[in-house]
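Everything below concerns the one structure shown next.
The values are calculated or read from the model by the stated rules, or taken from the named source; none is laboratory data. Please read all numbers here as calculations on a predicted model, not as lab measurements. Heads up, the Cβs are rebuilt from the backbone with ideal geometry, glycines too, and the neighbour counts pull from every protein chain shown. Only protein heavy atoms, including side chains, enter the accessible area calculation; ligands, DNA and RNA are left aside. Shrake-Rupley method; radii C 1.70, N 1.55, O 1.52, S 1.80 Å.
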Amino acid sequence: MNFRKLLGITLLLSSLAVKGYSQTVTGSYAFVRGADTIEGFIIRGCVVTDSYQFLSEEDKQKYAKLIRNVKKVYPYAVLAGETLDKYNEMLSKMTSESERKQAMKEAEADIEKRFTKDIKAMSFSQGMVLLKLIDRETGDASYYLVEELRGKFRAFFYQAFAKVFGYNLKMRYDPYSNTEDRMIERIVLSINHGQI
């Protein structure tokens, strides 16, 4: 065996060893190909992101604050998505409009009772992140969710009220074009993969 071939095999095996240690093995299997038995490993998926260089200490602190904000409000956004799915399924089974309106009033009262205190305790920046994450989890900006479920007048009223406090319920989540949304998406993926 020549030196180049030996070096190539050594580099290949060492890179496999590094990859094996960087992932969590969740299972294994074996298969036979010809006269060889080959062992395979099932590893937990991973997220690959580009590296991020902070231009200043202030940028680094802003990112740390964004991590704290996302970690605080993300569970509420997930719950909003699950709740919307539950209510959509429930509403799809109802036949009369009055029955639907009554169910939505009860749902609104339940949501206000359960979450108003927590949401009022959030900072402005946490509220902004929550609106974006609700869009991420439901596929709709908050304004359009209210409009669909409670009507145009209620959506208009909530939007006008939100604007007084500096919010925009029509704000959309766009991790492909918006730098802050891209950072939020990176943080959410890290949370979902147990990295932070």
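Below, the figures for the structure above:
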quantity	calculated
Pairwise label distance in nanometres, residue 115 with residue 144, each label 7 Å out on the Cα-Cβ vector	1.8 nm
Inter-label distance for residue 123 and residue 93, nm, one decimal - labels placed 7 Å from Cα along Cα-to-Cβ	4.3 nm
Phi-based couplings in Hz for segment 82-98 (Karplus 6.51, -1.76, 1.60; Gly and Pro marked x)	5, 5, 4, 4, 4, 5, 4, 5, 4, 5, 5, 8, 8, 9, 9, 5, 5
Residue-span extension gain [residue 176 to residue 196] - 0.36 nm each, minus C-alpha spacing	5.0 nm
Relative contact order [Cα under 8 Å, 6+ residues apart], segment 85-196, whole percent	17 percent
Accessible area of segment 48-159 belonging to carbon and sulfur atoms, whole % at 1.4 Å probe	55 percent
Packing rank of 122-132, 185-195, where each peptide gets the mean count of other beta carbons within 10 Å, highest leading	122-132, 185-195
Cβ-Cβ FRET estimate between residue 55 and residue 79, R0 fixed at 30 Å, reported to 0.05	0.30
Label-point separation, residue 71 to residue 108 (7 Å along Cα→Cβ), nm	3.6 nm
